[in-house]
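> Structure below; questions to follow.
The values are calculated or read from the model by the stated rules, or taken from the named source; none is laboratory data. Treat the numbers as computed from the prediction; the structure is a model and nothing was measured. Heads up, the Cβs are rebuilt from the backbone with ideal geometry, glycines too, and the neighbour counts pull from every protein chain shown. To get the accessible areas, we keep the full protein, side chains included, count just its heavy atoms, and leave off ligands, DNA and RNA. Shrake-Rupley method; radii C 1.70, N 1.55, O 1.52, S 1.80 Å.
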Amino acid sequence: MNEIIQSIITRRSVRAFEEKQIPDEALHDILEAAKFAPSGMGKQAWHFAAVQNKEKIQELITATKEVMKNSPIEHFRTIGNNPEFNPFYAAPTIIITAYEKDSATGVSDCAVALENIFLAAHSMEIGSCWIHILAFAGNDPKVRSILTEFGIPENYEISGTAALGFSSKEAPKAAPRKEGTVSIYK
Ligand SMILES: Cc1cc2nc3c(=O)[nH]c(=O)nc-3n(C[C@H](O)[C@H](O)[C@H](O)COP(=O)(O)O)c2cc1C
């Protein structure tokens with residue numbers, strides 16, 4: 001098995017981070033990896049907002065948790081009301097992905113860009129996790145005003161967010177792969 005496939009297989013979601021920030025060059029390369037993901041008709045109708053400002057991330061968490069507290073989904077209400085809960089697991093860097101509202105392939109475009117982000121990070125021993133909550137909370141007026149400050153265009157929908165940083169715990173083991181999810185027809 002070659003190095004790239006090994007890297008794909010050994011990537012795991014990381015949910016505990018050191019406070020230490022990732023180097024600027026690493027952030028640059030991770031964003032390059034995102035920009036070079038495939039996109040529907042090559043339109044690149046996406047935006048990647050990297051945020052490293054601790055106070056602003058906290059502001060975003062507070063606004064997001066307010067939305068969660070009022071969610072019709074009980075699980076969201078429960079974690080939104082938990083003062084200990086940090087949806088980004090205190091990652092020092094987050095990259096919020098967003099796509100143009102009218103884009104036919106925006107959700108998929110952001111998903112492949114996110115996987116590029118995770119794999120690029122993993123190749124530099126930086127941990128990562130997909131965080132989905134902003135895809136639900138991104139149109140709340142308070143949350144949106146913060147996202148606008150981060151440079152996300154108003155007519156863009158939020159997709160996943162990548163939490164990034166050096167892992168403070170040993171990576172968890174991968175769950176066993178389900179049987180029967182692949183077929184080969186020759
Ligand atoms: C679309 C999507 C949404 C996810 N949302 C979250 C999330 O909000 N919070 C979280 O901790 N993990 C989230 N994850 C990470 C998954 O829980 C994780 O990928 C899965 O448990 C498999 O673990 P692995 O990434 O280590 O292989 C998400 C993953 C995907 C693909």
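> If you roll a 1.4 Å probe over the heavy atoms of the protein chains, what accessible area per residue do you get for the chain, in Å²?
Each residue of the chain exposes 59 Å² on average to a 1.4 Å probe.
> Something else: Quick check on packing: order 101-112, 3-14, 33-44 by the mean number of other C-beta atoms within 10 Å, highest mean leading.
The most tightly packed comes first, giving 101-112, 33-44, 3-14.
> If the limit is 27 Å between Cα atoms, which of Lys56/Lys101; Lys20/Lys173; Lys35/Lys69; Lys43/Lys69 go over it?
Distance filter (> 27 Å) returns Lys35/Lys69; Lys43/Lys69.
> Residues with amide H under 5 Å of Gly127's amide H, sequence separation 5 or more or different chain, H placed in the peptide plane at 1.01 Å from N; which?
The answer is Gly165, Phe166, Ser167.
> Follow-up. Stokes-Einstein D for the chain at 10 °C, 1.306 mPa s, Kirkwood Rh over Cα pairs, in µm²/s?
After rounding, the answer is 91 µm²/s.
> Also: Below 8 Å, C-alpha to C-alpha, sequence gap of six or more: please give me the relative contact order for the chain in percent.
It rounds to 35 percent for the chain.
> Which of Ala175, Ile158, Ala98 sits closest to the plus end of the dipole of the chain, meaning its Cα is farthest towards the positive end, when Lys and Arg get +1 and Asp and Glu get -1 on the C-beta?
Positive-most Cα among the choices belongs to Ala175.
> Continuing with the same structure: Check cross-link reach from Lys186 to the lysines: straight Cα distance under 23 Å, and skip same-chain residues fewer than eight apart.
Straight-line reach from Lys186, under 23 Å: Lys178.
> Using a 1.4 angstrom probe on heavy atoms only, work out the carbon and sulfur share of the accessible area of the range 18-165 in %.
Here it works out to 54 percent.
> Per residue of the chain, what 222 nm ellipticity follows from adding -39500 (n - 2.57) for every DSSP H run with n ≥ 4, rounded to the nearest 500?
Per the formula, -12000 deg cm²/dmol.
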